[in-house]
1. Would you mind telling me the share, in percent, of accessible area of the chain contributed by carbon and sulfur at probe 1.4 angstrom?
2. Could you work out the relative contact order of the chain? I mean the mean sequence separation of Cα pairs under 8 Å and 6+ apart, divided by the number of residues, in percent.
3. Zone of Ala57 (label point 7 Å along Cα→Cβ, backbone N under 20 Å): which residues in region 8-50?
4. Please give the per residue accessible area of region 9-62, computed with a probe of 1.4 Å over protein heavy atoms only, in Å².
5. Kindly state, to the nearest 0.05, the FRET efficiency for Trp73 paired with Ala23, given R0 = 35 Å and r defined as their beta-carbon distance.
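The values are calculated or read from the model by the stated rules, or taken from the named source; none is laboratory data. Here the structure is a predicted model, which is why all the values come from computation and not from measurement. Every residue, glycine among them, receives a Cβ derived from its backbone with ideal geometry; neighbour counts consider all protein chains shown. Just so you know, the surface numbers come from the protein's heavy atoms only, side chains and all, with ligands and any DNA or RNA stripped out. Shrake-Rupley method; radii C 1.70, N 1.55, O 1.52, S 1.80 Å.
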Amino acid sequence: MVFQQTCASCHAQDGKGTAAMVAFSPKVDLTQSPLIRAGNQQAIARSIAQGGGQMPAFAPRMSADQIAALASWCLRFAENS
């Protein structure tokens, strides 16, 4: 799964962020992310593609389909918050 391979090292398996990363930047907690909670899959995909802050842009490394699937996966964190 792409999330586990690409994102979990910062965002953790449960989306709440690793302790070290949350201490560095609370934004890594996807369960509290306004973007995730808004449920706009296109905006989430754009954030993944373009990156921002400490998060790198993934468009150079992932296909549009992979980014869309990852954005869809991230919506689960809003349901589990």
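1. Answer for the chain: carbon and sulfur cover 53 percent of the accessible area.
2. Once divided by the residue count of the chain, the mean separation gives 28 percent.
3. Answer for region 8-50: 42-50.
4. Using a 1.4 Å probe on heavy atoms only, each residue of region 9-62 averages 63 Å².
5. It comes out at approximately 0.90.
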